[in-house]
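Structure record follows, encoded as structure tokens.
The values are calculated or read from the model by the stated rules, or taken from the named source; none is laboratory data. Treat the numbers as computed from the prediction; the structure is a model and nothing was measured. Cβ placement follows ideal geometry from the backbone for every residue including glycine, while neighbour counts extend to all protein chains displayed.
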């Protein structure tokens, strides 16, 4: 195939003017790929500098008391900056969440846990989402199928019932309706 292309190119008449090329010519990307620094591979890693370069063979378990120096290096500035970034991101996310966000326990009048609810409250402008798990032997799990809230009430629709609550102290009190059965409950952290 290549031979045929070369022969046809050789016998074709010469062109007097150049043909306009419409495809875009390659340009270097705006963001350069990772390029290692000039001292790459020659930097002594933290915690590895100094001391014995050869280690003896471990023939038995080593107790912590047998160490002569720290067996973990101190965190570097990069480690500290990374940890601070993670903590700041967590604090920022927590600040955006509403007061119902987190894990809650639904208890009956005698203090027994009926179910555990995990709610995601992203504030008044977003819908309340969550799931529940019953505390009985079946340990049924299901999503909240609906949620309505106002300043003085919270109504959560479950697969098999409805939870109507109002704020009280550190939690919420109200009723759990399942079919024809209705019982008094409290929702606490």
Residue within region 112-119 that is loosely packed, with under 12 Cβ neighbours inside 10 Å and at pLDDT 85 or above present:
yes
Looking only at residues in region 162-175 that are surrounded by 15 or more Cβ atoms within 10 Å (Cβ to Cβ) and under 31 Å from the mean Cα position of the chain (by Cα), which one is modelled with the lowest pLDDT?
171
Could you check region 130-154 and list, in sequence order, the residues that are part of a strand (DSSP E or B) and surrounded by 15 or more Cβ atoms within 10 Å (Cβ to Cβ)?
130, 132, 134, 147, 149, 154
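Would you check if residue 182 is over 14 Å from residue 99 (Cα atoms) and modelled with pLDDT under 90? Show your work before the answer.
Numbers: over 14 Å from residue 99 (Cα atoms): yes; modelled with pLDDT under 90: no.
In short, no.
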